[in-house]
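The values are calculated or read from the model by the stated rules, or taken from the named source; none is laboratory data. Predicted, not measured: the structure shown is a model, and the values here were computed from it. Note that each Cβ is placed from the backbone with ideal geometry, even for glycine, and that neighbours are counted across all protein chains shown.
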Amino acid sequence: MGRLFWKFFIVFWIAQITIFLTVGLMLLAWPSAALDTPFKHPMESLSAPDCARASPPTWPKGGLPPPLPLGAGLLVSVAFAAWLSWYFSRPIRSLNSAFEALADGKLNTRVGKAMGSRRDELANLGEAFDRSAAKLQAQVEAQRRLLHDVSHELRSPLARLQACSDLMVQQPQRSVELVQRIERETSRMDKLVGELLTLARLDSTTSQAPVEVVDLIELAQSICSDAELEMQAKSCRLQLRMPEQMQLKGDAELLYRALDNVLRNAVRFSPIGGSIGLHITANASHRHVLIRISDEGLGLPPKDVDRIFEPFFRSESNSDKGDHGCGLGLAITRSIVLAHQGTISANNRSGGGLEVSITLPA
């Protein structure tokens, strides 16, 4: 038993003993008149003659209470104090053990089973601990996976740079070709590092993005204008449907990057001559804005739909499309949307293709 158990036990027991002794002293100091008169059962007058009536023992004035009731009261008070102390201290000991296990790195520690069927503030505290531990475990696992993916992504261009430098020593006549290859690999690494820094800045809780009034319609038109050359190269058609005016609060540069990443992905995976949709609507209360960007590509396997927003994730179904991106665009988009108190999701269209839905506060 821990210290808390004994503190509860001693305090509760002393409180009960104090009440018990106080009542006993009051009875000794001011005895009731009923104690001086023998108690007579109503049936005694019918079952026995007057001469045979026996008077029950009385508690004399100024005497001590009988030892049996006093001992029974003490035992009951001890049992009650012990049970109450155990009832309150047991879940607290479980929480303490869980916190120690979590501090030792056992992120899968949970206390829900230890709380049993109780429904009180301590049970709510245990549920809050389980939610916090689950979120912490998910974040740590995501960081480990991100570190592994970053190492994997950097290893390939570094190996190619090493190979180019070795070839330049062995074959000086290919210096121009190899230098161009080195420049491409260096540019790719620079882009990867830049996107990693952007993702880390967005995921940081200490960074505060500037908030301004953003004209969403003007922003969307600018994004479509910048992506026009890529759509013309694939003969893609753009279907726009948006109101004349729509404003929200946020960072215009970050919102531009988020929508641009989704739109360029739609262009990349659309077939030649396909149609790309960009629809902006408001809900009935005009408190939220819904942005939907769709394409007519092959879509994604159901198991990959929810994973496309993870860093460095690439679906196997798109591996044959020559996708040389680093897999951070949609992860950055999700971080931007979450930073603006919004939501983002993706789903396969019934007619083919993928649709990404973004909801932002208006």
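From the list Glu218, Glu230, Glu212, which one is in contact with a helix residue (DSSP H, G or I) (Cβ under 6 Å, 6 or more places away or on another chain) and surrounded by fewer than 15 Cβ atoms within 10 Å (Cβ to Cβ)? Before you say what the answer is, go through the steps one by one.
Working: Glu218 fails: in contact with a helix residue (DSSP H, G or I) (Cβ under 6 Å, 6 or more places away or on another chain); Glu212 fails: in contact with a helix residue (DSSP H, G or I) (Cβ under 6 Å, 6 or more places away or on another chain).
Step by step, each of Glu218, Glu230, Glu212 is checked, and only Glu230 is in contact with a helix residue (DSSP H, G or I) (Cβ under 6 Å, 6 or more places away or on another chain) and surrounded by fewer than 15 Cβ atoms within 10 Å (Cβ to Cβ).
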In the stretch 275-308, which residue that is assigned to a strand (DSSP E or B) and of a type in the set (Gly, Ala, Ser) is farthest from Leu216 (Cα to Cα)? Ser275
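Residues checked against (1) closer than 20 Å to Asp190 by Cα; (2) surrounded by 14 or more Cβ atoms within 10 Å (Cβ to Cβ); (3) at pLDDT below 85:
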position	(1), (2), (3)
Asn318	no, yes, yes
Gly322	no, no, yes
Gly325	yes, yes, yes
Val337	no, yes, no
Ser357	no, yes, no
Ala362	no, yes, yes
Please tell me if Gln171 is modelled with pLDDT of 85 or more, outside the structural domain of Arg257 (by TED's automatic domain parsing) and either surrounded by fewer than 16 Cβ atoms within 10 Å (Cβ to Cβ) or farther than 30 Å from His286 by Cβ (or both). yes
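Given the residues Leu259, Leu254, which is the only one that is modelled with pLDDT of 85 or more, under 23 Å from Ser235 (Cβ atoms) and either out of contact with any Pro (no Cβ under 8 Å at 6 or more places or on another chain) or outside the structural domain of Ser156 (by TED's automatic domain parsing) (or both)?
Values: Leu254 fails: under 23 Å from Ser235 (Cβ atoms).
It is Leu259.
Of all residues in the stretch 112-121, count the ones that are surrounded by 15 or more Cβ atoms within 10 Å (Cβ to Cβ) and within 20 Å of the chain's Cα centre (by Cα).
Here the count works out to 0.
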Taking the stretch 252-274 and keeping only residues that are free of Cβ contacts under 8 Å to residues at least 40 places away in the same chain and in a helix (DSSP H, G or I), one is left with Glu253, Tyr256, Asp260
Index of the failed condition, Gly62 passing every other in (1) at pLDDT 85 or above; (2) surrounded by fewer than 11 Cβ atoms within 10 Å (Cβ to Cβ): (1)
Only unsatisfied item for Leu136, checking (1) at pLDDT 85 or above; (2) more than 23 Å from the chain's Cα centre (by Cα), is (2)
Report those strands (runs of 3 or more DSSP E) wholly inside the stretch 182-251 carrying at least 2 residues which are within 35 Å of the chain's Cα centre (by Cα) and of a type in the set (D, E, K, R). 212-215
